[in-house]
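The values are calculated or read from the model by the stated rules, or taken from the named source; none is laboratory data. As the structure is a computational prediction, the values presented were derived from the model and not from experiment. Positions of Cβ are generated from backbone atoms using ideal geometry, with glycine treated the same way; all protein chains shown enter the neighbour counts.
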Amino acid sequence: MYSIAAYNLLVPAQDGILDALAGIFGLLFSCVGLLLVIAVIAGMWMIFEKAGEAGWKAIIPIYNIYVLMEIIGRPGWWVILFFIPVVNFIVWVIAMIDLAKSFDHGIGFAIGLMFLPILFYPLLGFSDMQYYGPAAKS
């Protein structure tokens, strides 16, 4: 039976190759993740512009939630509810349902916004779907 030191003497070149592969995969997944985040932000930017707000408001943390609450017709103080565990999930579900209704879509689209935002935010922002006003106020 070989010790770890003896094994390292027998196979020294594989460590460098595995490290290089790990680095390449890490870089690849980081780039893919960054592209997905950019797609969601771009979709949210376009959603804000369709609703008559400035698109840059989508990239400001916490403020973008406040603006989203205005877009869907919920009071601005609901932003505080996003900081309360368990309540934040319920408020988020309600917000996504209201966002879907604001663009004249139903619960199916809201579920898409919740579970596949990478697809549904850009779909909502870049397609010809129209904003019909805040759903929570009607």
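If the Cβ limit is 6 Å and pairs must be 6+ apart or interchain, which residue in region 33-53 that is free of Cβ contacts under 8 Å to residues at least 24 places away in the same chain pairs with which residue that is basic (K, R)?
F48/K57
Quick check on this structure: which one of L81, L68, L21, L36 is surrounded by 11 or more Cβ atoms within 10 Å (Cβ to Cβ), more than 30 Å from K137 (Cα to Cα) and of a type in the set (A, V, I, L, M, F, W, C)?
L36
Output the qualifying pairs, or none if there are none: Cβ atoms under 6 angstrom, residues six or more apart or on different chains, first residue in region 71-85 and under 23 Å from M46 (Cβ atoms), second residue among the aromatic types (F, W, Y) and at pLDDT 95 or above.
Listed by first residue and then by second, the contacts come to G76/Y66; V79/Y66.
Could you list all residues from region 57-71 that are under 14 Å from D98 (Cβ atoms) and either touching a Lys or Arg at 6+ places or on another chain (Cβ under 8 Å) or of a type in the set (K, R) (or both)?
Within region 57-71, V67 is the sole residue that qualifies.
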